[in-house]
């Protein structure tokens with residue numbers, strides 16, 4: 001990925017280029033994740049449409065990597081349908097390199113609440129300990145679930161959560177780009193080409209350069 005990283009670092013010196021690239025990557029990531037989560041549920045587009053309360057044609061548009069008219073309300077409906085949470089954050093441009101390198105369908109999968117391992121009831125000889133009580137650890141949040149995110153963030157980080165000192169979460173393992181499904185491969189090829197074209201090359205040349 002050195003060629004890709006170098007192209008990004010050079011191309012991102014131009015403000016219009018880096019924002020255009022980030023917008024494209026965002027659109028393609030959201031669209032690909034919607035399709036990935038739908039297939040994870042073994043749903044057809046019409047099934048997701050029913051769960052999210054929208055027409056099937058809307059689902060088809062949302063799964064198109066060229067779609068860009070996202071709204072928070074629409075994404076909230078999808079999150080509720082998939083029974084996962086929606087997170088929207090502002091990020092540095094430097095983080096996009098890792099996000100691209102780790103991009104894969106597997107990295108976009110999310111467990112819905114019923115199979116989220118954090119909330120599963122462990123099997124054991126003590127039935128009274130089987131309820132999921134992740135917020136009931138003395139010295140962390142006390143015995144009550146915090147009512148707002150800022151309460152959870154206010155000086156409550158402890159060793160063993162993200163590590164000693166409560167630092168940032170460790171980066172996810174790098175995912176191999178080779179062997180992805182056809183649509184994911186097309187996304188990878190398009191993104192590589194987008195960066196490489198800034199250097200006057202072609203998309204295929206960019207892909208070959210990084211694949212080797």
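Quick look at the values:
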| read-out | value |
| --- | --- |
| Of residues in region 29-44 being part of a helix (DSSP H, G or I) and without any contact (Cβ under 8 Å) to a residue 60 or more places away in the chain, the one nearest to the chain's Cα centre (by Cα) | 30 |
| Residue selected from region 59-79 under the condition touching a residue at least 12 places away in the same chain (Cβ under 8 Å) and in a helix (DSSP H, G or I), by the criterion surrounded by the fewest Cβ atoms within 10 Å (Cβ to Cβ) | 72 |
| Top-ranked residue of region 80-100 - restricted to ones that are surrounded by fewer than 17 Cβ atoms within 10 Å (Cβ to Cβ) and assigned to a helix (DSSP H, G or I), ranked as modelled with the highest pLDDT | 80 |
| Some residue of region 41-55 being closer than 27 Å to residue 21 by Cα and surrounded by 18 or more Cβ atoms within 10 Å (Cβ to Cβ) | no |
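The values are calculated or read from the model by the stated rules, or taken from the named source; none is laboratory data. All of these numbers come straight from a predicted model, not from anything done at the bench. Methodologically, a virtual Cβ is constructed for each residue, glycine included, from the backbone with ideal geometry; neighbour enumeration extends over all protein chains shown.
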